[in-house]
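These notes concern the structure reproduced below.
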Amino acid sequence: MDNIPHHFLGYWGYGAQHWLEALLSDVLQNLSSRRGETFFPSQAELDVVFTDTPENHLLPVCNVIYIGRDKNYSPLKNQIASVSASGIFSAPDAWVSLEKSNCLILGREPFGKMPLYWTVQRQVIWFATQLKLLLPILQEPDVSIPGLYGYSCFSYVPTPLTPVTGVFAVPAGTELIWHDGNLNNLQTPKSRNINSWRQAPEQLTDETTAIRELQILLKNSITEQIADFSHEPVGVFLSGGLDSSVVAALLVQAGVKVCAYTLDFGNVGIPEYPYAEQVAQFLKIPLVKVAAQPNHIKNALIPTVKALDLPFGDGVCVPLYLLFQRAREETQIIFNGEGGDQLFAGWTNKPLIAAGIYQSANPAGEETFIQQYLRTFHRLWGYESQVYQPEIYGEIENLHPEDWLLTALDATECPALLHRLRRASLMLKGAQNIHPRASALGLAHGLWVRSPFCNLDLAQWTFRLSGELCLQGACEKYILKRAVENWLPPEIVWRQKRGMGVPLTSWCFNDLWHQIGVWLNPETLNANNHFYPHIAAQIVEGKLGGAIQGRRIGEILWLLIMWQLWRWQFLNENFSKQSWNHPFWLPPWLWRNYKRWQA
């Protein structure tokens, strides 16, 4: 398969065709000059498709630039552009359609694997699959305060917001529709929901039937995703957890030649790679350990920020970048186990179930269920007055992050609590965080990314499962474990799993200590006028809040670091003005001794 991952940029609307083509050509020239950068692979091709719409300001005009367009690719009916993170173009992840030339449709599939952005300039709608492609269209790109606030609450910017004022994201599972009759009101498209995660009216309770049906669905998903193979091997990111191990087992069962990749964080934290080694030995597949230690993280940090396109504050992003970087040496296709937690109610649902039960019994409690759900992101919600400078705090006081969760936690779609939590996880953590960042990192390295758990038939089937089949006692993902228990070692299937333990706090208090003083320098933060200048010092000293201790210290610092580096890379800001009024210029051991002496 010789396909090249691609993106697109285009416009539709009312204006002078020659002026719009000139602006598009300027963007094209800028892209050509940046060939070879992390987010723009050197093997990619540029292709401009100009429509032959007559020069008539009463009719909409439309053009598209493709970046890395595949020679064998042709859009589906009525589509003028589409993209697939997996390389399976019969099922695009994001698309642009025209109906009778006077109706524009921007759409995304429900798992959120590929983003799609839009902005309105002079009665023209510009659209792109990367935010960075739209920035040259804007006169002066500026930070969206709601986008910043959403990011600080979730570690990603919630759709339809973006981090840039005036640029919006199409929500996953949605089509936005503009008609030419809306000449004077292009900014208010109609929204059409093309998929809804909804609890089935009849619930499946028979375990034997559920096991049989689930095994068929899993195998069908793999079959669909290997149908176009013309070469091997494929890669699989193998953490040693259940989901990635299931994907590896299914590929081996299907006769595919597989090479597995796992992360090695060195001697810090609790290593997961011994579990990956156990799975690889059981399946008789090669396993490559990819070093993800502080020096590797430093070197890959800026390339990761560029590749992600949006700010993503989870610590796993840079290690994932390193996995893709290594895998591209041997394959063009990467499989992962992303989506399994969302479909089968992984371990993060347990405290929320307890919270839901408590809320039902105590409806007048101090916090609503949605507020308790917000806390599960473990970011900066609730710390606003300590985090933001007064001007920004005044702007966000009227913003309610609970509003960004209401649709996902809609009890009318999923009356049962566990289904509601799975729906929310699919729409929030999956579609707005996990899947788009994986696709961005893969495409930046010229790799297709395939996630067998992102299968519509499989996902809809899980909404037929009774709660007992997902969570039985303390055992999460029960029915998935029962379905695959003969495919993998029992120690892998039945062990308790936690999220990937990226040792952020250790890195921040040791190898990255001095760099924090640069990335989160008080002078820079003061000039940005968003965060309080000394927020980093407050965090490491444990003064921001009682809940921000231990691993949370590293997570919050990383959240801020990724935001600041994103601003630097995409808004052309810099760290030229630096202050020494912070603890990070001291050796970390000396600072720790000083704090002990003060105590």
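List of remarks:
- Using just its DSSP H runs of length 4 or more, each adding -39500 (n - 2.57), the chain gives a mean residue ellipticity at 222 nm of -11500 deg cm²/dmol after division by all residues.
- Subtracting the Cα-Cα distance of Arg198 and Thr407 from their residue separation scaled by 0.36 nm leaves 74.1 nm.
- Given (i) 25.3; (ii) 27.7; (iii) 30.9, the label whose value is mean projected area of the Cα convex hull in nm² derived from this model: (ii)
- When each of Lys77/Lys257; Lys298/Lys497; Lys132/Lys289; Lys77/Lys190; Lys113/Lys298 is checked by Cα-Cα distance, pairs over 25 Å: Lys77/Lys257; Lys298/Lys497; Lys132/Lys289; Lys113/Lys298
- Label-to-label distance, nm, for residues given as Ser466 and Asn295 (7 Å Cα→Cβ offset): 5.7
- Antiparallel DSSP beta bridges within region 109-262, percent to nearest 5: 75
- Annotation for Lys100 and Thr188: the two label points, set 7 Å from Cα along the Cα-Cβ direction, are 2.3 nm apart.
- Rounded, prolate or oblate (a/c below 1.5 giving rounded, otherwise prolate when a/b exceeds b/c) for region 122-206 by Cα gyration tensor: oblate
- Accessible-area order (highest first, 1.4 angstrom probe) of the listed residues Tyr393, Tyr117: Tyr393, Tyr117
- For the chain, the per residue solvent-accessible surface stands at 41 Å², with DNA, RNA and ligands left out and a 1.4 Å probe.
- Charge dipole magnitude, Cβ of K and R +1, D and E -1 - region 188-340, Cα centre, debye nearest 20: 400
- Taking only the C-alpha atoms of region 496-563, Rg followed by Dmax gives 12.5, 46 Å.
- Per-residue SASA remark: Lys298, around 90 Å² accessible (1.4 Å probe; ligands, DNA and RNA not included).
- Relative contact order [Cα under 8 Å, 6+ residues apart], the chain, whole percent: 16
- By accessible area with a 1.4 Å probe, ligands and nucleic acids excluded, highest first: order of Leu287, Leu418: Leu287, Leu418
- Heavy atoms of Arg592: accessible area, 1.4 Å probe, square angstrom to 10: 70
- Compared with the alpha-carbon gap, the fully stretched path from His179 to Asp206 is longer by 4.9 nm at 0.36 nm per residue.
- Rounded percent of accessible protein surface that carbon and sulfur make up, the chain, 1.4 Å probe: 51
- Extension gain, Asn581 to Trp494, is 26.3 nm, computed as 0.36 nm per intervening residue step minus the present C-alpha separation.
- For Ser191, solvent-accessible area (1.4 Å; no DNA, RNA or ligand), Å²: 90
The values are calculated or read from the model by the stated rules, or taken from the named source; none is laboratory data. Everything quoted here is computed from the prediction, not taken from an experiment. Here the Cβ is made from the backbone with ideal geometry for all residues, glycine too, and neighbour counts use every protein chain on show. The protein model used for the area step is the full one, side chains on, heavy atoms only, and it has no ligands, DNA or RNA in it. Shrake-Rupley method; radii C 1.70, N 1.55, O 1.52, S 1.80 Å.
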